[in-house]
Each structure stands twice: as structure tokens, then as C-alpha cells.
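Participant: Have a look at this one.
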Amino acid sequence: SETRRSRITKAETTCNFCAVGCRFDLYGRDGEVLGVRPADPEATPANDFSTCVKGKFGYDFANSDDRLEHPLIKEDGEFREASWDEALDRIHAELSGIQEEHGQHSVAVTSSSKCTNEENFLNQKFARQVLGTPNVDNCARLCHSSTVTALKQVLGYGAMSNRINEDIGETDCYLITGSNTTESHPVLATRIKQNVRDGADLFVFDPRKVGIAEHADQYSRPNPGTDIAWINGLIRYIVEHDLHAEEFIEERTKHFDELVEKVDPFTPEKVEELTGVPEEELVNAAQTIGEADTCIFGWAMGMTQHAHGTRNLLALTNLALVTGNLGKPRAGVSPFRGQNNVQGGGGDMGPAPHNLPGYQDPTDEEVARKFEAEWGERPPEEVGLRLPEQFEEMKEGNIRGMFIMGENPVLSEPDIRDAEESIGELDFLAVQDIFLTETAEFADVVLPAASGAEKLGTQTNTERRIQMVRPAIEPPGEAKRDLDILMELAERWGYDWRSKYDGPADVMDEIARLVPIYGGVSYDRLEEMPDGIQWPCEDEDDPGTPYLYEDEFNFEDGKARFVPADYAGPVELPDEEFPLMLSTGRVLYHWHTGTMTRRVEALMEQVPESFVTIHPEMAEELGVVDGEYVKVTSRRGDITVKANVEDQSDPGVVFIPMHFVHGAVNELTQHELDPDSYIPEFKVTSVKVEPVGPN
Ligand code: SF4
């Protein structure tokens, strides 16, 4: 008979938490994940042997007792188990009924950056082809949509230009801003720390003195929301002192004069006045960055989640161009993307209302014809509703039905009481997930899905590297893989995807036919290339592109465009009633809305509940005691959380992590959107803090 040992399975796979894309061997037995071991170093381009605490211990979520194992249908306010047939028929009947009565675009679809490329591709195809609506979006709207918008305008591709190991790990200089790298991207932070120990210069600009700042040559603390000013100030100083890359600018860029004019007012004195960054710190950073042979510009949501997020990133990309830090090794622009597959599933696969897979324009005749030839019909041409707009339109009665795959907007949207109200207005909601999330509680039908430990597919990490995900165990109970669910769902509308796709490899073949940057990607090649393929990879002879823009930028004329950024500060400023500025973010031991990590004992032991950090001086002024509870109130609502008295930020700035249901920080955050990317201003909210005592 089989022994316990012989039933152990091993999967060479890619981490399901952050977008560093660490690879390791995942072990399972009898439907249970056993643990993680380092993989063959040839197959681990981003991480060698390392993993962080989430990669190592976080997979316990897959074993959780409260995994969804059966479809559920809500009746009289209560969920009951249902068969797959009944659940899928119900979704078909409800969504088509809504469309018949209220029009094609009265429904919306959300895809998931936790899912594979193939699943996200089919998700947007389900929206566009099966439902005939461009109303499809995903959580990248809330994290790096401003990054993608800005990078595409200036450089042509909305992605990191360089590699993790060979470029970020080997550069001469760093400017890191708005990224709590040590907690959010731990393995990547280790690379940076090693390189700084070996002599690279590190400048950190951040309102909070985050972990990576402890390793910096210089840490500067701008006031929240004032980033355009200090970045424009750096550009001005660099140009004024002839530290800019003159030849590079001349040969490879356009509109430099407009940039020089725009940054002119940002003298070191003016920058200090606007941002609080002392003149000498600005000058020192400008001098070193300007003189460095190579520099990496790294950022995360501290830069993106602002009402002027796109302009923040235009400014930073302008700086990278001015200093000639693009199109060469050990240099580049490095958005540290959040979820495991947000680059691929949230971006490249096109589950977005304004572009088709591969960032292709739905109104381009040639593109539309290509999709028509593959799908048998044209995808909708018009721009659909972005996620925050979808929530607005639910209240207006214009969005009445929704299908959500693997997302939890009831916790992740800003001003969640308002988001709950919107979602409560829907005539019908179907949610596909691995747990009964806060969003699934609102659903009429819930479909049990497979976790990343249970599926085959690809993910694309933050350095554009397409890597395999493989199953170590089977999904629990009747749960199914998202790809299978989408195929069965499409069948209800008469689309025979089952005979079209034998599995994810066939979906990737279709992606390769339709998406030029994935043109040479196939499962056969990925099996032969254990370190994955970095896009663009145009055909099967193309080895992929380690760093972008070596010869030209991604425009017809091959030139990058400077897009000068006008200064704008935060929208909601502190006042007498709400005198403090609140920022939100992550901690090492948790992940996003916490649906996975809040179910892992080893992680909950470290950070069991939400908290607010308060500077000791402010704590004293308000009578707040470390470890006791406080009420934090904004114009939207209030929450009660534990006080963590510490001096990471200025006395006027407090911080609350985003991972918890009790003390959910998004009860406080605001609706204000960046007009270019529609990303909400999560990073600056005015609040007041009042002590409530020990319990
Ligand atoms: Fe996973 Fe990111 Fe940690 Fe690597 S750094 S193990 S990808 S969570």
C-alpha cells in the first residue's frame, strides 16, 4: 500500500503573495500543503534560495478549515449549499435577465491579480465576448494604475524597465520613495541592502521612516502628498549644474525644453517651503544621483495612491530620463508591483475597461480585426467603467449585476461604508473565491475556487518575467480551478470553450497569437526555460527582454517624451476638526485585505490586529498610552484600534495598515480620484485621534 511518504507531491512553483516572484518547491500530501523548500537555483531568478516569512509560512491558508468547498446560493438572507449546475445556471439566468431588461452594459466583471495570466485572459474575454461589455476591471486600479498611465506616456511600456537581480541588485545608486520595501517586498529589499553594504548609495524619501530608510545614506521626510515638488527640484538642480545626460537627452528624447521650463520654480528653498525637505538634503541627493553612473528609481503605493498619482510618476520618470538611467544595465524605473500577478493578470492580460490584452487599443481597426479573426466577433470598442466608477454607477442603478473573481472590494475600496452601500444596491452579485470574504457575504451566488497551491498556469512578476505556477495539491471538496469555472460559465451562454482549450497551455497559445509582447511564449518554451521569459518576447526565437529600451523607446519614432508634471498637494488637508494626516500601507506579516494571512496562525501571532502608529509627542499631547485603544475619526467614519506609539513619522502623521476587518482603515479613506488613472487618494486622509482606554 502507499506510504505517507510516497503520497508526498512536489511542485516547482512561484510564490502566491507578492510580485517579486520568488520560486520554490511546494510540498503537499492528501490535499494539504506541507511546506516550502528552496528550489534549484537555476529556476529561481528573482530569489536564489531566499523566501520571506509569507512565502515560507504563509501557505497554511490553503489548509484552512473554512475554505469554500461547495457552491452557495443565498435564500432569505442565508447561504445554502447548491450543485454546480444550479449555481452556474442561476448566474446565467440573472445576468442575462439584467442585460435584457437594462442593456448590455448594466453588468460588470472584476478579475483578480491573484489568479494566473490564463484565468485573467479568460475573465476579460468572458466580459467582452460572452457578456459583450467593456466593464471589466481589477485591483491594479487601486495600486499601480497611475504608474502604468505615466510610464506609458513617457517611455511606452507600463512596466518595470529592468531586472531584479542583475540591475536592482547591482546598481550604483538608489532613489527609493513611497515603498516600505523591507516589509512589502522583503526578498527584493535584501538585494538592495546587500548592494548598499557593498557601496551603493541609497536615498530614501518617505513621510515614514520605513525599514529600508535605516540602511540609507540619506533619509528625507517630505510632507505627505508633496512629492512632485522635491522631484522637480532634483531635476532643476541636476540640469542647472550640468549633471544631466545631455547626449542621451538630445538623441533619444523629446520635449526637454518644456521640462526645463516647468521645473524652473522648484529651487531648493522653494522645495523646502513646500515639502519640509531641508535644502542641503535636496542638493546632496541631486548631486549624488546626477553624478552616479547608474541609478535605480524604485517606488510603490506611497507614490501611486494620490489624487495626483500619475503626475508623481511622470515627475519621477522624467528624472530617470534626465539622468540617462534608461536603456542600459543596472539602471531603470522600478515600480515594485504588489500582488503576485498584478503585472500579468492585472495589466498585460487586459482586464481593464480601456484596453485589450497587451495594452492594445480596442478602437484600432487592425487590432479589432485580429481579435475578430480569433474570437469570431469583435470586442466592444468603447471604454468601459473603471472600478470606482462601477461603484458609483451601482448607486445610480446603471450597474445592476456583477461577477467578481477573487477580489475583496468591500475592504479594499476607499470609504468602505459607501462601497457596501453601492454593492447592496445590486440586483445580483456572484463571487468566485477561496473563502467567504467580506465581499462574498454580499453575494447571491458564491463559487468555490482553487488557491494558487492547486493550479497550473503562469504569473508575470514585477520584472516582466513570465513564470510557471504548478499544483502541489487538489482543490478541496467540490472547489474548481478558476479557468474551469470560467469555461463552464461561458458554456451557459453557448460558448464552447471546453473544446477550444484543453487547459491553460491552449489559453497561452491564444494569448501569444493576440498579444505581441507575449508572441513567443508557450508552455513548451517555459518548461525548457526554468528562469522564465521576460516580455516583450515577440516570437519563438526571441529569448525575451531583460531590460527595456536598449535601442529605442516604445513609440513609432523610438523617442521618449518628457511630460512635465505640474505641482499639486494633497486634496484633504488637516484642519481644526481633523488635525492629523493618516497614511495607509502594509506590514510584513500580512497581505492586502488579509483574507489569506489572517488565517495563518504563525502570521497572526506576529500581528494579530489592526493598530495606529502615533508619534510619542502627539501621544502625550492627546493622552494616548502605548498599547491602549484609540478612536480614529475622519469625515467618512470612525474605527477603534490599538495605539502603537513610535516615531517613524512626524508628530502630525499617523499610519494604519490595510489588512484588517475590525479597525478597517478604509472606513476612513476618501473618494478623491486621480483624473488620469482613477486611482483613489488612499495615502492622505485628515483624521482625529482620541483615547478610549485599555479595552
Ligand atoms: Fe513571496 Fe514576495 Fe516573500 Fe518572495 S518576497 S517569498 S514573492 S511574498
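Participant: Which of the residues spanning region 47-66 are touching a Leu at 6+ places or on another chain (Cβ under 8 Å) and within 13 Å of the ligand (Cβ to nearest atom)?
Facilitator: The answer is C52, V53, K54, F57, G58, Y59.
Participant: Given the options V689, V607, V625, name the one that is on the phi < 0 side of the Ramachandran plot and part of a strand (DSSP E or B).
Facilitator: The unique qualifying residue is V689.
Participant: If you don't mind, there's one more thing I want to ask. Sort out which residues of region 9-32 are within 14 Å of the ligand (Cβ to nearest atom) and of a type in the set (A, V, I, L, M), and write them in order of number.
Facilitator: Listed by number, the residues that qualify are A19, V20, L26.
To keep it simple, each residue is scored yes or no on (1) away from the ligand (no atom under 16 Å from the Cβ); (2) on the phi > 0 side of the Ramachandran plot; (3) surrounded by fewer than 24 Cβ atoms within 10 Å (Cβ to Cβ).
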residue	(1), (2), (3)
D167	yes, no, yes
T181	no, no, no
T190	no, no, yes
Q218	yes, no, yes
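Participant: Any residue in region 67-86 that is assigned to a loop (DSSP other than H, G, I, E, B), within 16 Å of the ligand (Cβ to nearest atom), surrounded by 18 or more Cβ atoms within 10 Å (Cβ to Cβ) and touching a residue at least 60 places away in the same chain (Cβ under 8 Å)?
Facilitator: No.
Participant: Within region 32-42, can one find any residue that is of a type in the set (G, A, S), outside the structural domain of A505 (by TED's automatic domain parsing) and surrounded by fewer than 16 Cβ atoms within 10 Å (Cβ to Cβ)?
Facilitator: Within region 32-42, one or more residues are of a type in the set (G, A, S), outside the structural domain of A505 (by TED's automatic domain parsing) and surrounded by fewer than 16 Cβ atoms within 10 Å (Cβ to Cβ).
Participant: Let me ask you something else. Give the residues of region 642-661 that are of a type outside the set (D, E), more than 16 Å from S412 (Cβ to Cβ) and either assigned to a loop (DSSP other than H, G, I, E, B) or in contact (Cβ under 8 Å) with a residue 40 or more places away in the chain (or both), sorted by residue number.
Facilitator: Those that are of a type outside the set (D, E), more than 16 Å from S412 (Cβ to Cβ) and either assigned to a loop (DSSP other than H, G, I, E, B) or in contact (Cβ under 8 Å) with a residue 40 or more places away in the chain (or both): A643, Q648, S649, P651, G652, V653, V654, F655.
Participant: Let me ask you something else. For region 517-542, which residues satisfy the criterion of being part of a helix (DSSP H, G or I) and touching a helix residue (DSSP H, G or I) at 6+ places or on another chain (Cβ under 7 Å)?
Facilitator: The answer is I517, Y518, Y523.
Participant: Residue check: is L202 aliphatic (A, V, I, L, M) and at pLDDT below 95?
Facilitator: When the stated conditions are applied, L202 does not pass them.
Participant: A follow-up question, please. What helices (runs of 4 or more DSSP H) completely inside region 224-310 contain at least 1 residues that are in contact with a Ser or Thr (Cβ under 8 Å, 6 or more places away or on another chain)?
Facilitator: So the answer is 227-240, 268-275, 279-291, 301-304.
Participant: Here is a further query. What's the number of the only condition in (1) crowded, with 19+ Cβ neighbours inside 10 Å; (2) of a type outside the set (K, R); (3) touching a Gly at 6+ places or on another chain (Cβ under 9 Å); (4) within 24 Å of A62 (Cβ to Cβ) that V612 fails to meet?
Facilitator: (4)
Participant: Kindly indicate whether any position in region 95-113 is in the same structural domain as E488 (by TED's automatic domain parsing), within 16 Å of the ligand (Cβ to nearest atom) and of a type in the set (S, T, N, Q).
Facilitator: Yes, region 95-113 has at least one match.
Participant: Do any residues in region 18-30 that are under 15 Å from T181 (Cβ atoms) have Cβ atoms under 6 Å from those of residues that are of a type in the set (F, W, Y), where the two are at least six apart or on different chains, and which pairs are they?
Facilitator: none
Participant: Select from region 249-308 the residues that are closer than 22 Å to G169 by Cβ and of a type in the set (F, W, Y) and write down the one among them that is modelled with the lowest pLDDT.
Facilitator: W299
Participant: Of the residues that sit in region 325-339 and are within 16 Å of the chain's Cα centre (by Cα) and part of a loop (DSSP other than H, G, I, E, B), which one is farthest from N312 (Cα to Cα)?
Facilitator: Result: G338.
Participant: Yes or no: A43 within 16 Å of the ligand (Cβ to nearest atom) and in contact with a strand residue (DSSP E or B) (Cβ under 8 Å, 6 or more places away or on another chain)?
Facilitator: When the stated conditions are applied, A43 passes them.
Participant: With respect to A430, determine if the residue is within 23 Å of K125 (Cα to Cα) and either touching a His at 6+ places or on another chain (Cβ under 6 Å) or loosely packed, with under 15 Cβ neighbours inside 10 Å (or both).
Facilitator: When the stated conditions are applied, A430 does not pass them.
Participant: If we scan region 176-194, do we find a residue that is in contact (Cβ under 8 Å) with a residue 24 or more places away in the chain, more than 23 Å from G302 (Cα to Cα), out of contact with any strand residue (DSSP E or B) (no Cβ under 7 Å at 6 or more places or on another chain) and in a helix (DSSP H, G or I)?
Facilitator: yes
The rows are residues; the columns are (1) under 24 Å from the mean Cα position of the chain (by Cα); (2) more than 30 Å from H354 (Cα to Cα); (3) modelled with pLDDT of 80 or more.
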site: R599; (1), (2), (3): yes, yes, no
site: E620; (1), (2), (3): no, yes, yes
site: V625; (1), (2), (3): no, yes, yes
site: P651; (1), (2), (3): no, yes, yes
site: Q670; (1), (2), (3): yes, no, yes
site: D676; (1), (2), (3): yes, no, yes
site: V689; (1), (2), (3): no, yes, yes
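Participant: Assuming I639 fulfils every condition listed in (1) more than 27 Å from the chain's Cα centre (by Cα); (2) under 21 Å from M301 (Cβ atoms); (3) free of Cβ contacts under 8 Å to residues at least 60 places away in the same chain apart from one, which condition is it?
Facilitator: Tallying (1) more than 27 Å from the chain's Cα centre (by Cα); (2) under 21 Å from M301 (Cβ atoms); (3) free of Cβ contacts under 8 Å to residues at least 60 places away in the same chain, I639 fails exactly one: (1).
Participant: If you go through region 547-581 one residue at a time, how many are assigned to a strand (DSSP E or B), under 20 Å from R311 (Cα atoms) and at pLDDT below 95?
Facilitator: 0
Participant: Which condition does E441 not pass, out of (1) more than 20 Å from G477 (Cβ to Cβ); (2) acidic (D, E); (3) more than 21 Å from the chain's Cα centre (by Cα), if it passes all the others?
Facilitator: Every condition holds for E441 apart from (1).
The values are calculated or read from the model by the stated rules, or taken from the named source; none is laboratory data. Just so it is clear, the structure is predicted and the values come from calculations on it, not from any experiment. Virtual Cβ from ideal backbone geometry, glycine too; neighbours counted across all protein chains shown.
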